[in-house]
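Peer 1: Right, I'll just put the structure down here and ask away after.
The values are calculated or read from the model by the stated rules, or taken from the named source; none is laboratory data. Quick caveat: nothing in here was measured; it's all calculated off a predicted structure. Using ideal geometry, Cβ is built from the backbone for each residue, glycine included, and neighbour counts are taken over all protein chains shown. Ligands, DNA and RNA are excluded from the accessible area calculation, which covers all protein heavy atoms including side chains. Shrake-Rupley method; radii C 1.70, N 1.55, O 1.52, S 1.80 Å.
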Protein chains: 2
Amino acid sequence: MSQPDPLDPTWMRRALALARGVLYITSPNPRVGCVIVRDGQVLGEGATQPPGGPHAEIVALRDAAARGHSVAGATFYVTLEPCSHFGRTPPCADALVAAQPARVVIAMGDPNPKVNGRGIERLSKAGIAVHVGLCQEEALELNPGFASRMHRGTPWTWLKLAASLDGRSALHNGMSQWITGPEARADGHHWRARSCVVLTGMGTVLADDPQLNVREVATPRQPRKAVVDARFALPENARLIDGAEVLVFTVRSDPAKAERLARRNVHTILMPAQQPHRVDLPGMMRWLGEHDVNEVHVEAGAGLSGALLSAHCVDELLVYLAPTLLGDAAGMVRMPMIDHLDAARRFEFIDFTRVGSDARLRARVAASWQSLVQGLAGETR
Amino acid sequence: MSQPDPLDPTWMRRALALARGVLYITSPNPRVGCVIVRDGQVLGEGATQPPGGPHAEIVALRDAAARGHSVAGATFYVTLEPCSHFGRTPPCADALVAAQPARVVIAMGDPNPKVNGRGIERLSKAGIAVHVGLCQEEALELNPGFASRMHRGTPWTWLKLAASLDGRSALHNGMSQWITGPEARADGHHWRARSCVVLTGMGTVLADDPQLNVREVATPRQPRKAVVDARFALPENARLIDGAEVLVFTVRSDPAKAERLARRNVHTILMPAQQPHRVDLPGMMRWLGEHDVNEVHVEAGAGLSGALLSAHCVDELLVYLAPTLLGDAAGMVRMPMIDHLDAARRFEFIDFTRVGSDARLRARVAASWQSLVQGLAGETR
């Protein structure tokens with residue numbers, strides 16, 4: 001039986017595409033895809049189902065069985081190391097061992113300390129050839145939040161910004177809604193949809209009264225919403241209070257208001273006030289990491305955006321720029337003045353794309369990403 | 001003899017590449033490339049030489065002769081309609097007719113009213129098959145300035161801007177030199193090198209004392225320099241006064257200073273003052289168009305950049321963005337406040353490229369470009 005070259009990325013790319021297909025529905029679990037191949041033929045394939053449902057490897061095994069294929073001697077391409085512990089479902093590594101494949105090719109090791117390397121070990125000990133690291137970066141792109149939560153205890157956070165080419169996000173009279181076009185707004189909703197939490201600040205709630213949910217793309221799951229609201233000033237008729245779960249991070253105690261809001265699925269988190277009227281933003285990120293939040297999508301005004309940047313709570317920028325220059329108008333982020341460029345927040349561009357008539361630029365903190373890569377179980381063994 | 005498909009862009013792309021190779025040296029003449037092909041074999045090829053030297057068609061004919069090839073019955077691929085008038089050199093259309101090709105494929109008609117369509121007519125009347133419009137956009141990309149000068153009487157002007165991702169071009173203390181990286185600066189010099197004039201304002205001269213010449217890329221020709229200097233305050237020890245030609249646009253008469261500067265190749269253009277201390281910028285552009293300037297590269301501060309934008313004197317933006325956010329710092333352009341986005345200058349993105357660690361975004365005024373396209377001799381006849 002001819003084995004495919006394990007370094008040929010064709011099948012792993014198919015597994016990654018399957019994982020991309022479940023981007024909106026698996027959290028807090030990672031998005032994983034699996035393709036079972038023998039002699040150039042796909043025997044079965046699948047992707048992780050919503051929490052409580054089967055993981056990708058099990059879906060693929062069932063798919064193969066449904067098609068009447070035995071998978072003994074086949075090669076499994078799986079985008080994340082198979083789990084080796086009992087969570088909501090039994091360990092996938094055991095199911096794989098039982099299926100007796102010749103080889104398992106894994107894109108990235110599991111950053112979960114409960115798994116890290118043990119799934120690989122379980123397979124190796126059963127005499128199955130294991131290869132780790134094929135398309136690792138692409139696999140990590142699908143699950144930076146899961147990796148971050150496991151490795152750092154905090155979510156992976158991106159800051160969405162929309163502005164003119166000269167960095168103006170609103171006119172002097174506050175008019176701002178339509179600087180970028182409808183395609184950019186729809187693309188922004190894709191990023192909302194994949195996140196676990198959409199975060200904003202009270203300035204935006206008061207100015208725009210946003211719904212903060214996903215509307216422009218179809219999704220069976222809505223992310224949670226969160227508001228940084230140091231003074232606990234959230235209007236009880238705010239549109240974002242719509243029955244879906246809302247988290248409010250505050251430093252001001254008002255049990256009666258909290259009680260009223262709780263009945264409407266709004267959960268108030270009273271944070272220790274480090275400074276008066278200031279929510280401890282890194283503390284908030286730790287809280288979110290402890291509460292199963294992988295990815296945070298920030299869509300806020302210049303104040304909270306700047307504060308998150310200054311507190312090193314942003315891992316990635318998602319910037320939409322309209323092809324226009326506004327000159328004298330409001331800026332994108334407010335941060336303390338710096339005297340030297342060395343003090344500036346540095347990112348690394350990872351992608352430029354045209355979205356409608358606008359440009360989308362993605363950039364990330366290189367050190368944050370590297371720490372995720374280094375936290376993965378080692379390559380090729 | 002099998003004729004190549006005239007719509008196959010392979011040979012035209014080669015002709016365009018040859019034209020790109022003379023980007024820095026032909027002005028005020030357009031950059032043109034020519035490839036002579038028969039039976040899939042290149043018989044001769046060439047590109048326009050510096051003013052007074054032969055045009056692309058003649059260089060290609062001489063190349064074919066030097067290789068011992070007859071070009072009768074061949075196909076000529078030429079990126080611009082062959083000239084039909086006596087300028088510094090005799091008309092190329094006549095030389096082509098004498099060479100007896102079977103077919104001439106032309107990327108773009110000549111926007112020069114002295115030529116427009118007549119070169120094509122001359123060839124057609126001689127019984128040569130002519131096809132116009134293959135790779136027209138790429139050909140126009142090589143010569144927007146020539147087309148603009150012929151069609152509108154003014155140059156094609158791009159504004160170079162460099163800033164952080166949030167549109168800040170200098171810190172509050174004025175520190176600005178190194179927001180973008182060395183690769184972006186070198187790329188900027190490529191754009192200086194292709195231009196006929198590098199334009200700046202007095203604010204930049206006083207703040208940075210720039211040399212304003214091409215240093216980071218190799219070129220046998222330096223563009224002219226120009227300064228908008230309404231008050232005629234140019235310091236006579238400015239570094240840009242280095243023996244190369246400098247144009248100073250002013251509204252203040254000082255014959256003694258003008259006389260001293262003229263001896264150092266600095267030419268003072270006294271403009272009618274529409275407002276005190278204001279150079280009429282559209283008038284300056286007309287002056288440049290009348291004086292053989294095809295392409296203007298603007299590298300100025302927020303004041304002149306904003307004024308040129310407000311006066312509709314900018315056709316294209318060349319924006320370098322560094323992957324950093326600066327927050328409270330100086331903006332890219334100063335323009336009058338607007339109350340509605342409809343009043344904003346709209347461009348159209350044409351290219352995103354990574355340059356070193358920075359992003360380069362090019363955008364142009366769609367209407368300006370369309371007017372150039374419409375000014376060309378018609379497609380396919």
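Peer 1: If we keep just the residues of the stretch B:174-203 that are at pLDDT below 95 and surrounded by 21 or more Cβ atoms within 10 Å (Cβ to Cβ), which is nearest to the chain's Cα centre (by Cα)?
Peer 2: It comes out as B:Thr180.
Peer 1: I've got another one for you. So, in the stretch A:42-56, of the ones that are touching a helix residue (DSSP H, G or I) at 6+ places or on another chain (Cβ under 9 Å) and open to solvent by 30 Å² or more (accessible area, probe 1.4 Å), which residue ends up nearest to A:Trp11 (Cα to Cα)?
Peer 2: Filtering first and then ranking leaves A:Glu45.
Peer 1: Name the residues in the stretch A:145-157 that are crowded, with 24+ Cβ neighbours inside 10 Å and either of a type in the set (A, V, I, L, M, F, W, C) or assigned to a helix (DSSP H, G or I) (or both), would you?
Peer 2: Matches in the stretch A:145-157: A:Gly145, A:Phe146, A:Ala147, A:Ser148, A:Arg149, A:Trp156.
Peer 1: Out of the stretch A:263-293, which residues are part of a loop (DSSP other than H, G, I, E, B) and not hydrophobic (A, V, I, L, M, F, W, C)?
Peer 2: Result: A:Arg263, A:Arg264, A:Asn265, A:Pro272, A:Gln274, A:Pro276, A:His277, A:Asp280, A:His291, A:Asp292.
Peer 1: Given the criterion closer than 30 Å to A:Ala170 by Cβ and buried (at least 24 other Cβ atoms within 10 Å of the Cβ), identify the matching residue among B:Gly109, B:Gly119, B:Gly167.
Peer 2: None of the others qualify; the one that does is B:Gly167.
Peer 1: Mind checking which residues of the stretch B:224-252 are among the polar types (S, T, N, Q) and either within 20 Å of B:Arg192 (Cβ to Cβ) or open to solvent by less than 50 Å² (accessible area, probe 1.4 Å) (or both)?
Peer 2: Within the stretch B:224-252, just B:Thr250 meets the criteria.
Peer 1: Identify, please: which residue in the stretch B:29-41 is out of contact with any Leu (no Cβ under 6 Å at 6 or more places or on another chain) and open to solvent by less than 20 Å² (accessible area, probe 1.4 Å) and is, among those, farthest from B:Leu142 (Cα to Cα)?
Peer 2: Residue satisfying both the conditions and the ranking: B:Val37.
Rundown of residues vs (1) among the charged types (D, E, K, R); (2) closer than 19 Å to A:Ala129 by Cβ, yes/no style:
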| residue | (1), (2) |
| --- | --- |
| A:Leu16 | no, no |
| A:Thr26 | no, no |
| A:Val35 | no, yes |
| A:Ala56 | no, no |
| A:Arg62 | yes, no |
| A:Thr75 | no, yes |
| A:Phe86 | no, no |
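Peer 1: Can you name the number of the only condition in (1) part of a helix (DSSP H, G or I); (2) closer than 27 Å to A:Met150 by Cβ that A:Pro28 fails?
Peer 2: Among (1) part of a helix (DSSP H, G or I); (2) closer than 27 Å to A:Met150 by Cβ, the lone unmet condition for A:Pro28 is (1).
Peer 1: Further question: Which residues, counting only those in the stretch A:33-55, are of a type in the set (A, V, I, L, M) and under 18 Å from A:Pro220 (Cβ atoms)?
Peer 2: Passing the criteria: only A:Ala47.
Peer 1: Quick check on the stretch A:315-346: of everything there that is more than 9 Å from every other protein chain (Cβ to nearest Cβ) and modelled with pLDDT of 95 or more, which residue is nearest to B:Val333 (Cα to Cα)?
Peer 2: A:Tyr320
Peer 1: Okay, next question. Where the second residue is of a type in the set (Ser, Thr, Tyr) and the first is open to solvent by 20 Å² or more (accessible area, probe 1.4 Å) and lies in the stretch B:93-104, which pairs have Cβ atoms under 6 Å and are six or more apart or on separate chains?
Peer 2: B:Arg103/B:Thr75
Peer 1: Related question: On the given criteria, is B:Val130 in contact with a Leu (Cβ under 6 Å, 6 or more places away or on another chain), farther than 18 Å from B:Ser27 by Cβ and open to solvent by 10 Å² or more (accessible area, probe 1.4 Å)?
Peer 2: Yes; evaluated as a whole, the condition is true for this residue.
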